[in-house]
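Take a look at the structure set out below.
The values are calculated or read from the model by the stated rules, or taken from the named source; none is laboratory data. Just so you know, these numbers come straight off a predicted model, no measurement behind them. Note: ideal-geometry Cβ built from the backbone for every residue, glycine included; neighbour counts use all protein chains shown. When the accessible area is computed, the model is the full protein with side chains, heavy atoms only, and any ligands, DNA or RNA have been set aside. Shrake-Rupley method; radii C 1.70, N 1.55, O 1.52, S 1.80 Å.
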Amino acid sequence: MSIRHGLLALLEHGPRYGSQLRSEFESRTGATWPLNVGQVYTTLNRLERDGMVAQNGEDEAGHALYVITDAGRSELRSWFETPVDRSSPPRDELAIKLAMAVGAPGVDIRAVIQSQRHHTVNAMQDYTRLKAQALAAIESGGSRERDDVAWLLVLEQLIFQTEAEARWLDHCEVRLIRLSAAGRGTGPAAAPPSSAPSAQTAPTTTGARPARPD
């Protein structure tokens with residue numbers, strides 16, 4: 001996640017101070033990736049060092065204001081125009097966990113997969129509920145429509161991710177069943193995958209994901 005570019009995008013709307021940038025970043029993303037003020041000011045200091053932002057006085061409350069520079073605008077345009085690199089994907093803890101679980105003594109991969117599927121489907125249901133809230137907020141209009149649309153896009157990406165993860169977990173079980181049937185040692189054989197319920201029908205046993213802050 002590029003905090004650096006996110007702050008530049010917010011500063012393009014006008015001067016901001018650190019805690020204001022944090023609040024606007026979290027409002028735009030529904031606090032999916034929360035920031036602390038220390039992260040914001042550390043990033044601002046680096047951007048200032050690189051000539052992409054500059055301090056521009058203070059507001060009435062004495063907060064130091066930052067503005068984007070021409071170099072910062074150029075960097076931001078380049079970020080928007082350049083596709084996100086997928087050639088070096090970030091480490092995925094779940095994929096690593098299942099890879100390490102194959103053949104590990106005393107590890108029931110079936111239990112690992114079923115536990116993760118239950119968590120994933122619950123998360124999918126929570127995201128879908130929050131999506132309905134975001135859509136209702138957009139339809140009602142109001143001064144925060146831009147933030148509501150941004151939050152909706154983030155939620156839909158999370159929903160697509162969890163749907164894909166649930167399908168991948170089903171695939172993992174099928175793969176393990178085939179390997180077990182072929183007589184290859186992969187640890188305890190997995191039972192046939194149960195169809196993962198949709199986000200709308202899955203029972204929720206965990207606490208709901210917090211809604212986007214006002």
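With the alpha-carbon atoms of the stretch 1-88 aligned to their principal axes, the span from lowest to highest coordinate is 46, 29, 20 Å, starting with the largest. Stretching S115 away from A54 to a fully extended chain increases their span by 17.1 nm, per 0.36 nm per residue minus the current alpha-carbon distance. Scaled against 2.2 N^0.38 Å for its residue count N, the alpha carbon radius of gyration of the stretch 71-131 is 1.79. Atom-type composition of the exposed protein surface of the stretch 1-148 places 50 percent of the accessible area on carbon and sulfur (1.4 angstrom probe). Placing dummy labels 7 Å off each Cα toward the beta-carbon, the span from H63 to H13 is 1.2 nm. Using a probe of 1.4 angstrom and keeping all protein chains present, the accessible surface of the stretch 81-164 works out to 63 square angstrom per residue. Remark on the stretch 47-182: hydrodynamic radius 19.6 angstrom, per the Kirkwood mean of 1/r across alpha carbon pairs.
Modelled label positions at R146 and W168, each set 7 Å beyond Cα in the direction of Cβ, lie 3.4 nm from each other. Amide H to amide H distances under 5 Å link R16 with Y66, where only residues 5 or more positions off or on other chains count and H is placed in the peptide plane. Taking each residue as 0.36 nm, the span from Q20 to E139 lengthens on full extension beyond its C-alpha to C-alpha distance by 40.2 nm.
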